1. Out of (1) crowded, with 16+ Cβ neighbours inside 10 Å; (2) at pLDDT 95 or above, what's the single condition that is false for A:G215?
2. Just to be sure I understand, how many residues within region A:204-221 are assigned to a strand (DSSP E or B) and under 27 Å from the mean Cα position of the chain (by Cα)?
3. It is to be established whether one or more residues within region A:304-311 are in contact with an Asp or Glu (Cβ under 6 Å, 6 or more places away or on another chain) and more than 30 Å from A:S209 (Cα to Cα).
4. Quick one: in region B:246-275, which of the residues that are touching a Ser or Thr at 6+ places or on another chain (Cβ under 8 Å) and of a type in the set (D, E) is farthest from B:P222 (Cα to Cα)?
5. How many residues does region B:116-142 contain that are in contact (Cβ under 8 Å) with a residue 12 or more places away in the chain, within 14 Å of chain A (Cβ to nearest Cβ) and either surrounded by fewer than 23 Cβ atoms within 10 Å (Cβ to Cβ) or farther than 30 Å from B:Q87 by Cβ (or both)?
6. Quick test of your reading of the structure: B:R110 fulfils all but one of (1) more than 14 Å from chain A (Cβ to nearest Cβ); (2) assigned to a loop (DSSP other than H, G, I, E, B); (3) closer than 30 Å to B:R289 by Cα. Name the failing condition by number.
7. Is it fair to say A:D285 is closer than 24 Å to A:E160 by Cα and over 11 Å from the mean Cα position of the chain (by Cα)?
8. Inside region B:51-77, can you point out the residues that are within 14 Å of chain A (Cβ to nearest Cβ) and either under 23 Å from B:R41 (Cβ atoms) or free of Cβ contacts under 8 Å to residues at least 60 places away in the same chain (or both)?
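The values are calculated or read from the model by the stated rules, or taken from the named source; none is laboratory data. These figures come from a predicted structure and were not determined experimentally. Backbone-built Cβ (ideal geometry, glycine too); neighbour counts: all protein chains shown.
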Amino acid sequence: MHFRSLILAVTRYVYRRERRAAVSDGYGCDGSDRSLGRANLVSLFNRARSVMLVLTSCLLASSLASAQNGTPAPRPEGEDSLMQVLTDKGLHDIENESWNAYGQFTYISSWKPSFDAPYTNLNGSINSLLPTAERSFTGTATLYLGLRLWKGAEAYLVPELISEQPFSQLRGLGGAIQNFELQKGGASVPQVYRSRLFLKQTIGLGGKSDVEESGPLQLGTHYDSRRLVFVAGNFTILDFFDTNAFDIDPRQGFLSLGFMTYAAYDFASDARGYSYGGIGEFHWDDWAVRYGRITPPKQPNQLPVDFRLLKYYGDQVEVEHKHTIHEQEGMIRVLGYRNRENMGRFSDAIAAFDANPQENATTCTGFNYGSQNAGAPDLCWARKPNIKEGIGAFAEQYIGHDIGVFARGMYSDGKTEVYAYTSTDRSATVGVLAKGSVWSRSKDLTGIGGNLGWISNIHAKYLGMGGVDGFIGDGAITAGSERSLDMFYSANLGKVYWLTGDYQHITNPGFNAARGPVNVFTVRVHGEF
Amino acid sequence: MASFKPHRSCVRVLLAALALLSFRPLPADAQQQPAGFAVERFYQSAPGGGWFIMDDLDISGRLGGAISITSGYARNPLVITDPDSKQKLAVVSQEAFLDIGGAVTYHRFRAYLDLPMPLSVTGTSGTLGPYQFTAPSVNLGTTPDTVSDFRIGVDTRLLGEPGSLLRLGAGAQVIFPSGNRSDYVSDARYRAMFRFLAAGDAGAYSYAGQLGVHVRPLNDAPVPGSPNGSEFLYGISGGRRFAGPTGWRFVAGPEIYGETAFHQFFSGETGTEALLTGRLEQIGERKLRIKLGVGHALVQNFGAAQWRVVFGVELFGHK
């Protein structure tokens with residue numbers, strides 16, 4: 001599991017949009033904030049109120065859900081950064097870069113009070129969220145290095161450091177894991193690793209000239225609006241697919257994992273969330289279509305990578321369209337994925353156990369999660385090359401100058417175990433994000449969102465028999481949708497630092513209505529340079 | 001019959017004792033298992049440094065920078081000899097790495113970051129005396145994202161101008177622990193290096209040299225072939241420039257470098273390698289440098305490979 005990886009996804013789209021608006025209005029970035037008149041504010045609030053009502057209705061109806069994800073985004077013009085400082089001193093051209101370097105550090109501390117649970121790790125199953133009070137933290141530091149090699153070619157290298165301590169050894173939650181930075185197999189002892197090393201080649205095909213602002217994983221440059229893009233190397237698929245809503249950096253936005261991307265999108269990746277592979281993109285003005293094939297891990301949710309890309313792989317296709325409604329920008333995406341991995345089907349594990357109870361969770365000598373429940377089936381007995389598929393849709397829409405709403409939903413087949421991301425089989429998310437320009441704090445960010453997840457009937461049956469997968473399995477289950485509400489306020493301090501307060505309310509943790517609800521309180525400190 | 005009961009008891013006790021003895025730890029189980037250490041001693045110069053190990057101290061101009069990508073293969077970098085039986089064990093027999101570095105220069109100063117990434121580290125497990133060595137098994141599949149003991153360093157040119165007969169400088173590096181000792185890619189300790197650097201050009205010839213200290217807290221001195229605390233660093237290189245295609249030149253010459261533990265100063269724990277290098281350099285404001293080196297151990301000891309091939313590309317320049 002990877003969870004952390006994805007991070008970057010900053011405010012690229014928001015800032016890009018700001019910049020375009022500023023240019024068209026004849027204002028700079030600073031001026032764009034001032035351009036909001038009182039009439040606009042009233043209109044904006046009215047729209048926001050309407051949207052909130054719609055969102056609340058959606059949440060109450062237990063329907064939509066979503067997730068954010070993505071890639072680091074360009075830093076807005078005027079932002080304090082090393083690149084901007086060098087540009088100001090005439091030592092760097094931030095709009096047409098031959099290289100750049102950015103960095104960030106983030107510390108996230110979460111606290112979970114005790115909650116009600118009639119049972120925990122029943123009969124030797126091992127994947128319950130512990131009902132006792134717990135503290136969790138992550139600390140990360142990242143360096144983003146970019147270099148232009150030749151015309152249209154960009155290379156990126158991203159070393160990263162992480163230290164972490166999850167709740168309950170990262171067990172007991174589906175898509176509602178409270179901190180997207182957490183990695184499976186992580187440790188409190190800091191670990192340094194290379195998160196990305198890839199080459200991107202862009203071939204212009206004409207059209208308009210789009211500005212790409214400088215930022216992490218992006219050299220400042222201009223691209224043709226019609227172009228081909230090829231990527232090869234080591235990256236997270238979320239750098240390119242289902243990029244974050246409004247390109248908000250997760251390190252500034254929602255904390256729940258369910259907002260990184262579709263919780264049901266079990267994209268192939270190692271335990272940290274990264275993959276090797278290739279991606280091809282075709283951009284035609286407001287349209288884009290992309291395809292990627294990437295490596296899965298050798299074993300589910302583990303770090304070692306299987307490079308046999310013709311035998312085991314994760315394929316994904318995404319179609320994207322940008323639009324404008326009443327002069328407000330928006331985007332719609334449809335994503336489908338198909339993984340071929342050495343994974344177990346729930347039905348096969350159950351059938352194996354029914355046929356021979358000796359084939360239970362305690363007797364398999366192949367890769368397993370260490371359950372001690374001798375009366376439970378185990379996926380270990382059922383692993384073989386299998387297919388996992390899913391399809392999802394995403395929409396984001398600005399409804400005012402600095403406020404936008406988004407929604408995501410994905411349906412995966414739910415026949416096989418989680419191999420990389422979360423145990424969720426179907427997910428939906430809705431959310432609203434707003435910058436603080438209305439109250440004269442344009443670098444502040446606030447948001448509220450709901451994240452829902454379901455598991456398939458066969459998945460629930462397997463868990464009900466005491467089985468475990470990579471993250472969940474209490475020993476018994478009263479199946480229900482896992483729901484989380486996430487609200488946060490991120491206050492900018494000293495231009496390059498953000499202090500965030502976040503609250504999450506998780507209902508039916510691990511899709512088990514017999515346990516919970518769980519409250520999580522989080523503080524985050526984030527800095528960029 | 002009853003009189004036999006005590007004897008039966010004795011027999012049972014004896015059998016039990018024999019059984020216990022048969023399950024007692026074997027000598028091999030009692031053997032010590034060395035934890036591993038950072039075998040690689042190919043401490044590259046900073047990106048843009050010209051040579052592979054030495055530094056040409058060609059640091060000048062306004063803001064500038066360099067990017068380097070180096071990849072190499074080393075054969076038998078850790079062969080341990082049992083002092084008693086003269087038996088040899090190649091605990092690390094093959095090592096391939098990728099190293100990416102970036103540097104920023106300003107006037108006579110340089111700061112840099114160097115990220116070594118092991119691609120493959122393998123060897124042979126075995127027993128030597130009281131020690132049970134476990135060979136590493138590192139490859140991209142098992143450890144897809146390892147960064148091993150990365151370095152941050154600063155160099156400065158103290159005396160002399162670029163192109164002059166004598167340039168003197170100094171450099172310092174901090175090596176951060178990263179990766180696993182058992183993979184023989186890390187000491188799992190913070191380390192530091194302090195070096196005095198010299199370089200110069202005389203007509204078509206150029207040279208460089210270094211003397212320094214490698215502050216290395218790890219000391220597994222009793223274990224054969226293992227670190228012996230802090231080390232003394234030395235090295236020298238010389239080459240001749242040849243005119244190349246328009247806008248290019250070629251430099252060829254040897255580099256000899258190594259280290260010796262202060263504990264056994266040039267008496268035991270010493271490793272020295274010689275590398276025959278050639279590099280094609282672009283002449284201009286923004287330069288490309290392509291380097292190739294082939295080497296052999298002069299004194300094969302921990303980290304000094306039996307033979308080695310290295311390939312590197314550097315892109316560098318300044319305002």
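1. Exception for A:G215: condition (2).
2. 6
3. Taking every residue of region A:304-311 in turn, at least one turns out to be in contact with an Asp or Glu (Cβ under 6 Å, 6 or more places away or on another chain) and more than 30 Å from A:S209 (Cα to Cα).
4. The qualifying residue farthest from B:P222 (Cα to Cα) is B:E255.
5. Of the residues in region B:116-142, 7 are in contact (Cβ under 8 Å) with a residue 12 or more places away in the chain, within 14 Å of chain A (Cβ to nearest Cβ) and either surrounded by fewer than 23 Cβ atoms within 10 Å (Cβ to Cβ) or farther than 30 Å from B:Q87 by Cβ (or both).
6. (2)
7. no
8. Hits for region B:51-77 are B:A66, B:S68, B:I69, B:T70, B:S71.
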